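The values are calculated or read from the model by the stated rules, or taken from the named source; none is laboratory data. This structure is a prediction, so every number in the text was calculated from the model and none was measured. Don't worry about glycine lacking a Cβ; one is built from the backbone with ideal geometry, like all the others, and counts go over all protein chains shown.
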Amino acid sequence: MAAPRERADFLRGEIERHNHAYYVLDAPTVPDAEYDRLFRELQALEAEYPELLTSDSPTQRVGGKPLAAFVPVRHAVPMLSIKTETEAGPAGAEAFDARVRKALALSESAPPVEYAAELKFDGLAINLRYEHGALVQAATRGDGETGEDVTQNIRTIQRIPLRLTGNAPAVLEVRGEVYMSRPDFERYNQRQRSLGKPTLVNPRNGAAGSVRQLDPKMAAERPLSFYAYGLGETIGWAVPVSHSSVLDALAAFGLPICEHRVVARGASELIAFHAAILARRDALPFDIDGVVYKVNSLALQAELGFVSREPRWAVAHKYPPQEALTTVEAIQVYVGRTGAITPVARLAPVFVGGVTVTNATLHNEDEVRRKDVRIGDTVIVRRAGDVIPEVVGVLAERRPIMAPEFVMPKRCPVCGSAIERPEDEAIARCTGGLYCPAQRKQALLHFAGRRAMDIEGLGEKLVDQLVDAGLVKTPADLYGLDLQQLAALDRMGEKSAQNLLAGIEKSKGPALGRLIFALGIRNVGETTAKDLARHFGSLEALMAADEARLQQVPDVGPVVAASIAHFFAEAHNRQVIDGLAKVGVRATPLEPVAVDSAISGKAFVLTGTLPTLSREAAKAMIEAKGGKVAGSVSKKTDFVVAGAEAGSKLTKAQELGLIILDEQQFRELLES
Ligand code: IVH
């Protein structure tokens, strides 16, 4: 018996070690196949010798029998909540610091208080109880005194170790947040949708719902994560002296600790942390609703104590919410540059994501059906970062009676042309083309845009006027405008008219890629436009290319090639291009690409947050050396540059065995 027992122990240790490397450190140590082999061997061993099975065996993660109800658990140490700082911005951190200093009776000349600053995760609080290193119980917060035993479900979370590494104390209770990452949430919903099953409204509900799911098999299907942020009861452990060193110790035990945390001295460093995290909020792969400040010294925490069950030593400093409730006042359709018809919900104004939102996209007809959004509905609106606001879901129980379903109009609301939707496409389009003023306006705005011809001062209001007054029909017409015409427009003085004319004049010599992009060919984005420019060298050569030649350009497939050929086959588009040439618009010759560079022609994918480089900067550096940046990982990818919190792209790259670089290695490659 000794041999199987030792083998089982060994296998469990190995599997947990690989789990930790994969899920917590994000740095897999073995290929998946090897992991699977170890796992199957352990399963087989436990099947053969049931007496060897332990509750902390990694084979026990995937669900037991459904429960009738959760068993109540009395917390050894109450699970408290924290006060939310009411003052927004810097004043919030200052108010907290002032309260702490006052409570500690610190004089003005006393040195700054040291704080631990971390993220406020938006999920569900959980207490994990480890006895002699083994996870024995997991409980929700409940009312703070008594929670519910959700051990079975928590076991299914791969990032939570079933056994601690190192010299674990007799009792160690770890507190933290169970959450669902955004990519996991999107993937889960996509899968549910494809199976025709119900989707989750948001990651937070997803996490909370999964943990409180009576059938652990169902819970196991939901991809959850966990970050530890504190302690409950401990026995037989020399607790470190500060919160930050407690978290370091928990990390050493194999628990996941979020890397976005700092030790901050005084209010000024808290303010800096608050601002730095706000700037990165949308790049994080999970939702946060703010940051948390904690007095770092545990001795000072004890001195500060509690007021009405909230610690005086901690505070949550929130950010503007990214989701809010409002009502749908109307559903209208918007006509885009390519005639695409987008249903838009007109909303009762609501403050979300830091601005007042009155419209939210509903993407397309199927999406409206799927979410079943109707006039009068109460909806959840989400606005994260610069992304356009969207309707996340409907509160069905608040629907007014007789709310009519959305119907796609048959005719374009702008030009009256028929709206058509090809059978296999999700997007309905106005068939009016450039006859449709909406499309004409959008095409002009696109042409003048910062990433296209970059005509300063030509914004939406002006384009509206120019088109409505019949002064401009095609981009070439812009170059024929004169001072008198412009100065006669609404809210346009002579000075701004002159500036605009100068801007138009200045745009006459764009890089070829910009000019191609500016034309607004369907399926030709900025990157493809640059690729085409590099490949053909001139607009004439591009126009002369047939679909087969077009497909020789890397990343140009049959669909894109057909779009391009179709565009140049249209007499109208050729007229526009001739018109542009006549008024003197000519692409400047291409800057020679550094052909001898180690990365010329190589395909890069950027993922996660790099320590010092923004994504834009890294992209520019790659392109300057003749490399390309793609959005997704495939066999054709040459290099993946991965930073913190890299997600599925990194996993895929690892699966494909691609070369993965950190920022340092990336810089070295560029310099080589
Ligand atoms: S500390 C006594 N730290 O926010 C202090 N809580 O009211 C106990 N939360 O539901 C909490 N991130 O689950 C702490 N870094 C963090 C947190 C955090 C999220 C949640 C917690 C609780 C609420 C606090």
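Worth a mention:
- Residues that are surrounded by fewer than 16 Cβ atoms within 10 Å (Cβ to Cβ) and under 18 Å from the mean Cα position of the chain (by Cα) do occur in region 343-358.
- Residue within region 535-547 that is among the hydroxyl-bearing types (Ser, Thr, Tyr) and assigned to a helix (DSSP H, G or I) present: no
- Helices (runs of 4 or more DSSP H) (entirely within region 411-497) containing at least 3 residues that are out of contact with any Cys (no Cβ under 8 Å at 6 or more places or on another chain) and closer than 24 Å to residue 514 by Cβ: 437-448, 460-468, 475-478
- Selected residue (only one of 664, 654 is in a helix (DSSP H, G or I) and either among the charged types (D, E, K, R) or in contact with a strand residue (DSSP E or B) (Cβ under 8 Å, 6 or more places away or on another chain) (or both)): 654
- Condition met for residue 441 (modelled with pLDDT under 90, surrounded by 19 or more Cβ atoms within 10 Å (Cβ to Cβ) and on the phi < 0 side of the Ramachandran plot): no
- The conditions of being surrounded by 18 or more Cβ atoms within 10 Å (Cβ to Cβ) and aliphatic (A, V, I, L, M) are met by residue 518.
- Some residue of region 237-248 being within 25 Å of the chain's Cα centre (by Cα) and more than 13 Å from the ligand (Cβ to nearest atom): no
- Residues of region 101-127 satisfying the condition of being of a type in the set (Ser, Thr, Tyr) and within 16 Å of the ligand (Cβ to nearest atom): 115
- Note on region 391-402: residues that are of a type in the set (Gly, Ala, Ser) and either surrounded by 14 or more Cβ atoms within 10 Å (Cβ to Cβ) or assigned to a strand (DSSP E or B) (or both) amount to 1.
- Filter result for residue 214 (within 25 Å of residue 78 (Cα to Cα), out of contact with any strand residue (DSSP E or B) (no Cβ under 7 Å at 6 or more places or on another chain) and touching a residue at least 40 places away in the same chain (Cβ under 8 Å)): yes
- Across region 1-52, the number of residues qualifying as surrounded by 12 or more Cβ atoms within 10 Å (Cβ to Cβ) and in a loop (DSSP other than H, G, I, E, B) comes to 7.
- Selected residue (criterion: nearest to the chain's Cα centre (by Cα)) from residues of region 447-456 that are in contact (Cβ under 8 Å) with a residue 40 or more places away in the chain and surrounded by fewer than 20 Cβ atoms within 10 Å (Cβ to Cβ): 451
- Odd one out for residue 633, checked against (1) out of contact with any helix residue (DSSP H, G or I) (no Cβ under 9 Å at 6 or more places or on another chain); (2) buried (at least 18 other Cβ atoms within 10 Å of the Cβ): (1)
- Only a single item in (1) within 13 Å of the ligand (Cβ to nearest atom); (2) of a type in the set (Lys, Arg); (3) within 30 Å of residue 223 (Cβ to Cβ) is not met by residue 83, and it is number (3).
- If you filter region 94-130 down to residues that are of a type in the set (Ser, Thr, Tyr) and crowded, with 17+ Cβ neighbours inside 10 Å, you find that the one that is farthest from residue 302 (Cα to Cα) is 130.
- Checked against the criterion of being in contact with an Asp or Glu (Cβ under 9 Å, 6 or more places away or on another chain) and away from the ligand (no atom under 16 Å from the Cβ), the candidates 90, 72 yield just one match: 72.
- Every pair of residues 6+ apart whose Cβ atoms lie under 6 Å, when the first sits in region 118-145 and is without any contact (Cβ under 8 Å) to a residue 60 or more places away in the chain while the second is of a type in the set (Val, Ile, Thr) and surrounded by fewer than 22 Cβ atoms within 10 Å (Cβ to Cβ): 131/171; 138/151
- Test set (1) surrounded by fewer than 19 Cβ atoms within 10 Å (Cβ to Cβ); (2) in contact with a Phe, Trp or Tyr (Cβ under 8 Å, 6 or more places away or on another chain); (3) closer than 23 Å to residue 118 by Cα; (4) not β-branched (Val, Ile, Thr) - residue 251 fails condition number: (2)
- Residue in region 487-494 that is within 25 Å of residue 526 (Cα to Cα) and either of a type in the set (D, E, K, R) or surrounded by fewer than 14 Cβ atoms within 10 Å (Cβ to Cβ) (or both) present: no
- Count of residues meeting criterion [closer than 19 Å to residue 534 by Cα and outside any helix (DSSP H, G or I)] in region 616-635: 6
- Residue, nearest to the ligand (Cβ to nearest atom), within region 275-299, restricted to residues that are more than 30 Å from residue 185 (Cβ to Cβ) and crowded, with 19+ Cβ neighbours inside 10 Å: 295
- From 189, 153, residue being more than 16 Å from the ligand (Cβ to nearest atom), in contact with a Lys or Arg (Cβ under 9 Å, 6 or more places away or on another chain) and of a type in the set (S, T, N, Q): 153
For every residue, the table says whether it meets (1) more than 28 Å from residue 386 (Cβ to Cβ); (2) modelled with pLDDT of 95 or more.
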position: 247; (1), (2): yes, yes
position: 251; (1), (2): yes, yes
position: 258; (1), (2): no, yes
position: 278; (1), (2): no, no
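- Qualifying residue in region 158-169 (condition: surrounded by 22 or more Cβ atoms within 10 Å (Cβ to Cβ), over 25 Å from the mean Cα position of the chain (by Cα) and within 14 Å of residue 75 (Cα to Cα)): no
- Test for residue 133: is it small (Gly, Ala, Ser), under 18 Å from residue 16 (Cβ atoms), surrounded by fewer than 17 Cβ atoms within 10 Å (Cβ to Cβ) and more than 15 Å from the ligand (Cβ to nearest atom): no
- Residue within region 308-316 that is within 15 Å of the ligand (Cβ to nearest atom) and assigned to a helix (DSSP H, G or I) present: no
- Odd one out for residue 198 among (1) surrounded by fewer than 17 Cβ atoms within 10 Å (Cβ to Cβ); (2) within 25 Å of the chain's Cα centre (by Cα); (3) assigned to a helix (DSSP H, G or I): (3)
- Residue within region 222-230 that is more than 21 Å from residue 259 (Cβ to Cβ) and not acidic (Asp, Glu) present: yes
- Counting the residues of region 555-582 that are more than 37 Å from the chain's Cα centre (by Cα) and surrounded by 16 or more Cβ atoms within 10 Å (Cβ to Cβ) gives 5.
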